[in-house]
Each structure stands twice: as structure tokens, then as C-alpha cells.
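Shown next, in C-alpha cells, is the structure this report addresses.
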Amino acid sequence: MNPIIAFIKLIRLPNLLIIALAQYAIRYGIFYPIIYNFSGGQDISGVGLQMSNLDFFLLSLSTVMIAAAGYIINDYFDVKIDRVNRSESIIVGKHIKRRVAMGAHIVINGFAILIGAYLAYKMGNWKLIFIQVVSAGALWYYSTTFKRQVIVGNVVVALLAALVPFVAGLYELILQHLMVDDTVNMLLFRLEKFTPFEDVEYALVETLNNILLWVSGFALFAFISTLVREIVKDIEDCDGDEQYESNTLPVVYGKSVAKMVAQVIALIMLGLIGYYQYMQVQNNAGGDSQEAVRAQTRALITVMYFLFTVQLPLAYVIFQIYTAKVKEDYHKISTVLKLIMLAGISYAAVFYFLIIKL
């Protein structure tokens, strides 16, 4: 195999593109339309996204690089297990030398942390560097320790997945709060004379809090869907994990228990989405004004989107987990779960349309 092709497979390029897509979806699909709507549907100088396009690109790049380094180190330590679980896809030690893989892991993580340090300096908040450092460390310990402990490894990966959309919103929210006074002053020039500063400030802070809720919702979706998928993958890889004494959920408690846990978590996810849909309908019910009808239309489109792209596929997954017997069954379920996760991310594009265009 060509070394470049081997390296692309090693770092899971499609997964890295999804990570970048998730962060840009938060920036332009959630953050931008809400701020744009708050400013009266106008692009006002000084009001809008505060993080520069270059800095956000660097943030996304650092996230992608840490994930890539995580994939490398995971494969580095999993060579023996992968010989049992998926011998045909082994890269480290077969197409790429082990020392080259370890060197790539160190270099990529190093550059990602340097980018994180630069961004922390630009933001005036050195504590932010711990996001990159802790993420890189967590992926190392996941590969060496956590993934061989019951449910711990699954939770660690799910938390890191949740961090992807959350970080995209966190950096922008920090800047927005730092710039609240300047933003309000810019808005006052467009508002009716003698509009109280405090009223505009309160409305802006409430809008930022609303954005935080949306970002947290995406993070929670990423956490739960990833947790289900990680458990399913553990069931798929049970043979190799058992042979090399990895204490995953299906190895310690059996596949039946692991399947039940995955189904329960998926049901919780269904319930949370259902509650969100109920609140959407309730909060936008009533009224026959043009804005009220528009709000009801947005709620209906949102309900239908999640019903057909997330809830029905998730119900299918719950049933398939129950009927799954062989390794190939779990691999198919894992693929469907990845598509569900992608559908969740893609809702940001729907949200943009509903706020900006509808």
C-alpha cells in the first residue's frame, strides 16, 4: 500500500472531515444566524462573530490534529487486538513502521498544542490551553488504559466527542461576553433614540445564553450517540478484546448486558429528542400573526427533520441491536449510528435556513 494512502487511512480522514464539519456547523449554522437575527437581520459592523476566520480555522485544525494523533496512538497500541478483530485493516507495523507512527503522534500533538497556546494567548485566557493538553492526554490514556476498563473508555471517547461542538461555541462565547459593551454600543446606533443600554445588554446576554443552550444540546447529542456507538463497537470487537484481556462491557458482563445498556441509552436519547420536539411545539403554539405562523412552521420542520433523520433510524438501531447475532450485524449498526450523528450535525444547516431564510 502506498505510504500516503496508508497514512490517510491511519488518521481516518473521513472522520476528521466530520469533526471539522461539526465545528463549522456550530459557527455558521447556529451561532451566526442567532446573532444575525438578534441584530434585526442586518450585518452590522462590530456585531456578529467575534472570532476571526483564521483563528477559528486554527481552532478547528488543532481539534482535527488531536483527533488524528489519537487515532494513530490507538492503532499503535491495538495491533495485537486488531489482528483478531480486523486483520485486513492493520496499518501500523504493516504499512507504516511503529516508530514512524509514534513520531507522527508526537509531532501532530505538539503542533496542535502550540496552536492551542497561540489561541489562548490571542483570547487572553491561558486556561484554554488545557483543552488541547487534556484532550491529547485523555486520548493517550484511553489507548493505554481507559479503553480496557468497563465503560470508562466509552465515556472518555463520548466526552471528547461532545467537546468537539462545545469548543466551537465556547471560544466564540468567551469573546462575545468580553465584547458585550462594544456590541451594545454599536446596536444602540441602530435603535430608537434613548433606548436604555441595560435593556439591550440584557437582551444580548439572554441571546448568548440561548446560544449556549443550543451548543450544549449539540454536545449532549454527540455524547449520547457516541456512547451508544462505542458500546456497539465493543460488542463487535469482543473476540479480540477477550483474548487480550480488555475489560470492556461485553467482555466482563456479556454481550446480552452490553446490548441492553446500548438500547437503554438509545431510548434515553429518543426520549430527550422527543421532549425537545414537544417543547418546540408548545413554545410556538397559538397566534395567527405572520411571525407566529413562521415560528410554528419552524417548529414543524424541526419536528419532522428529527423524526425522519434521527428518531426512526434510532428506533431501527434499537431493534437491530436486539436481533444482532454476528460481527457483521454490529458493524452495520455502527455505520447507521454514524449516519445518525451526521444527521444531527446537519440540522445546523436546517436551523440556518429556518432562521435566515424562512
Binned at 10 Å from zero, the C-alpha pair distances of the chain give percents of 5, 22, 29, 24, 13, 6, 1, 0
Simple SL model, points at 7 angstrom along Cα→Cβ for LEU312 and VAL107; separation in nm is 4.8
For the pair GLN42 and LYS357, the simple spin-label estimate (label points 7 Å beyond Cα toward Cβ) gives in nm 2.5
A chain fully extended from LEU213 to LEU272 at 0.36 nm per residue, minus the present Cα-Cα distance, gains in nm 19.8 nm
Per segment 55-201, sqrt(5λ) over the Cα gyration tensor eigenvalues, sorted largest first, in Å, gives 43, 16, 12
What helix-only [θ] at 222 nm does the chain give? Using -39500 (n - 2.57) per DSSP H run of at least 4, over all residues, to the nearest 500, the answer is -25500 deg cm²/dmol
Taking a label point 7 Å from the Cα of VAL155 along Cα-to-Cβ, the residues of segment 260-292 whose backbone nitrogen sits under 18 Å from it are 261-266, 268-269
At 10 °C in a medium of viscosity 1.306 mPa s, segment 248-292 has a Stokes-Einstein diffusion coefficient, with Rh taken as the Kirkwood radius over alpha carbon pairs, in µm² per second, of 120
Simple SL model, points at 7 angstrom along Cα→Cβ for THR145 and THR323; separation in nm is 4.3
Gyration tensor on Cα atoms of segment 140-207, a ≥ b ≥ c root eigenvalues, a/c under 1.5 rounded, else prolate if a/b beats b/c, else oblate, says prolate
Computed on Cα atoms, the radius of gyration and Dmax of segment 225-358 in angstrom are 18.7, 65
Note to self: Kirkwood Rh of segment 1-104, Cα pairs, one decimal, Å, is 16.2
In whole angstrom, the spacing between the Cα centers of segment 100-128 and segment 291-358 equals 34
For the chain, averaging the sequence separation of alpha carbon pairs under 8 Å that lie six or more residues apart and dividing by its residue count, the contact order in percent is 22
The lysines whose Cα lies under 21 Å from the Cα of LYS94, excluding any fewer than 8 residues away in the same chain, are LYS9, LYS80
Quick calc of log₁₀ I(q)/I(0), segment 280-320, Debye, one scatterer on every Cα, no solvent, q values 0.23 1/Å, result -0.70
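Treat segment 215-266 as a sphere of radius equal to its Kirkwood radius over Cα pairs and apply Stokes-Einstein at 20 °C in a medium of 1.002 mPa s; give the translational diffusion coefficient in µm²/s, rounded to a whole number. Intermediate results must be reported in sequence, preceding the final value.
Details: Rh = 11.5 Å.
Taking Rh from Cα pairs, D becomes 187 µm²/s.
Go through 295-307, 223-235 and give me the packing order, highest mean Cβ count within 10 Å leading. Don't jump to the answer; show the numbers that get you there.
On the way: 295-307: 16.7, 223-235: 24.2.
Highest to lowest by the protection proxy: 223-235, 295-307.
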Placing one equal point scatterer on each C-alpha of segment 282-358 and summing with Debye, one gets log10 I(q)/I(0) at q = 0.17 Å⁻¹ equal to -0.72
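Does segment 102-148 come out rounded, prolate or oblate by the C-alpha gyration tensor, with a ≥ b ≥ c the root eigenvalues, rounded set by a/c under 1.5 and, if not, prolate when a/b is larger than b/c and oblate if not?
Values: a/c = 5.69, a/b = 1.75, b/c = 3.25.
The shape class here is oblate.
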Taking 0.36 nm per residue of separation between THR195 and ASP239 and subtracting their Cα-Cα distance, the length gained on full extension comes to 9.1 nm
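Every read-out reported here was derived from the displayed coordinates using simple, explicitly stated rules and does not represent laboratory data. These figures come from a predicted structure and were not determined experimentally. All Cβ positions, even for glycine, are placed from backbone atoms using ideal geometry, and neighbour counts span all protein chains on display.
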